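The values are calculated or read from the model by the stated rules, or taken from the named source; none is laboratory data. From a predicted model like this one, the values you see are computed outputs, not experimental measurements. A quick note on method: Cβ atoms are made from the backbone with ideal geometry, for glycine too, and the neighbour counts reach across all protein chains shown. Remember, those area values only see protein heavy atoms, side chains included, never the ligands or the DNA or RNA. Shrake-Rupley method; radii C 1.70, N 1.55, O 1.52, S 1.80 Å.
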Amino acid sequence: MDPFSTSYESNPVLAGIERRSSMRQFAADRPTPEQRQAVLHAATRAPSAGAMMMYSIIDIQEPSTLERLAVLCDNQPFIAKAPWALVFVVDYAKWIALFEHVGCFTDEFAERCGKAPRRAPHMGDFAIAAQDAVIAAQTAAIAAEAVGLGSCYIGDVVEQAEQMAELLELPPHTMPLSMLVAGVPAKERPATPHPVTNIVMPERYRPADGATLDAQVAEMDAMFRPHATEPGERVRDIYVRKHTSAFMAEMDRSVRAWIDNWTGEKPLL
Ligand SMILES: Cc1cc2nc3c(=O)[nH]c(=O)nc-3n(C[C@H](O)[C@H](O)[C@H](O)COP(=O)(O)O)c2cc1C
């Protein structure tokens, strides 16, 4: 960060990005209506493909729903203790409804526009709409930091598709892709170290050579396993705890079900 330290200190947006860390412990005070409004408004200011806003934000404060989310999201009890959760749903159901509403699926319109009716969204629509949803989520996360709230993503929101669809009443052509829990931080947390090796590639993709892999391993061990006795402890730990985990097997199963819900081939509800 050295070359940029001046602007990162003096620029409030960059300083907030630098300061943010995932918050998993929240104070008893609840986010104020002004803080909540600032975060929700910021989300809607995020870039959106064609300004189509292909997402919905489920704004959750009900303790029983937070408790259920804690269980469905791989049993993470801190979710139930958070005052607020936002589920960012990739949403094409609203566009299907709009198309229907203004007569796009009628024979008369098909003739007028010269296009065969196309109803269900497919994977291309998903690639774009998913970006909309995640960009809105990250804009909300930055806004939360800016108004003094802490937040944490919950990737496990894509698990347990059947029960999640029922809990949040998610129709065909939707998928909950991102979730943030947020609240007043219980205490300040130092920023988490983030590796930087082998991320930015000038002009084209460059597969890592042996020296680069060694540098990545060393950087990660220094950050996350400072007492490692052998190089590679952090990478082996990720392999065991994440790459080969039961939660990843469940995500894999569940995301397939969500994709079938997205296209409408097999609606979950
Ligand atoms: C897509 C995504 C999913 C995540 N899922 C979880 C989660 O389920 N539980 C959790 O405690 N943290 C989760 N996190 C938070 C990360 O663990 C955290 O961002 C990472 O350790 C880096 O720390 P920092 O956010 O403090 O910089 C997730 C973050 C992202 C971006």
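Looking only at segment 96-110, decide whether some residue is more than 15 Å from LEU149 (Cα to Cα), in a loop (DSSP other than H, G, I, E, B), touching a residue at least 12 places away in the same chain (Cβ under 8 Å) and away from the ligand (no atom under 16 Å from the Cβ).
Yes, the conditions are met somewhere in segment 96-110.
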**Asked** Here are GLU203, GLU265, GLU233: which of them is over 23 Å from the mean Cα position of the chain (by Cα) and surrounded by 14 or more Cβ atoms within 10 Å (Cβ to Cβ)?
**Response** GLU233
**Request:** Taking ALA191 as the residue in question, decide whether it is loosely packed, with under 14 Cβ neighbours inside 10 Å and in contact (Cβ under 8 Å) with a residue 40 or more places away in the chain.
**Result:** yes
**Asked** Only one of these conditions is not met by VAL134: (1) in a strand (DSSP E or B); (2) open to solvent by 30 Å² or more (accessible area, probe 1.4 Å); (3) among the β-branched types (Val, Ile, Thr). Which number is it?
**Response** (1)
**Asked** Of all residues in segment 111-120, which are open to solvent by 60 Å² or more (accessible area, probe 1.4 Å) and either in a loop (DSSP other than H, G, I, E, B) or in contact (Cβ under 8 Å) with a residue 24 or more places away in the chain (or both)?
**Response** GLY114, LYS115, ALA116, PRO117, ARG118, ARG119
**Message:** List the helices (runs of 4 or more DSSP H) inside segment 151-262, counting only whole elements, that have at least 3 residues being within 16 Å of the ligand (Cβ to nearest atom) and not aromatic (Phe, Trp, Tyr).
**Reply:** 210-224, 233-238
**Request:** Can you run down the residue pairs with Cβ atoms below 8 Å, 6 or more apart or on separate chains, where the first is in segment 15-32 and more than 14 Å from ALA140 (Cα to Cα) and the partner is among the acidic types (Asp, Glu) and at pLDDT 95 or above?
**Result:** ARG19/GLU145
**Prompt:** Can ARG241 be described as within 30 Å of LEU213 (Cα to Cα), among the charged types (D, E, K, R) and buried (at least 16 other Cβ atoms within 10 Å of the Cβ)?
**Reply:** no
**Sole exception among (1) surrounded by fewer than 20 Cβ atoms within 10 Å (Cβ to Cβ); (2) within 16 Å of LEU66 (Cα to Cα) for GLN160, by number** = (1)
**Flag if MET123 is out of contact with any strand residue (DSSP E or B) (no Cβ under 6 Å at 6 or more places or on another chain) and surrounded by 13 or more Cβ atoms within 10 Å (Cβ to Cβ)** = no
**Prompt:** Within the bounds of segment 25-47, is there any residue that is modelled with pLDDT of 95 or more, over 30 Å from PRO172 (Cβ atoms), within 16 Å of the ligand (Cβ to nearest atom) and of a type in the set (S, T, N, Q)?
**Reply:** yes
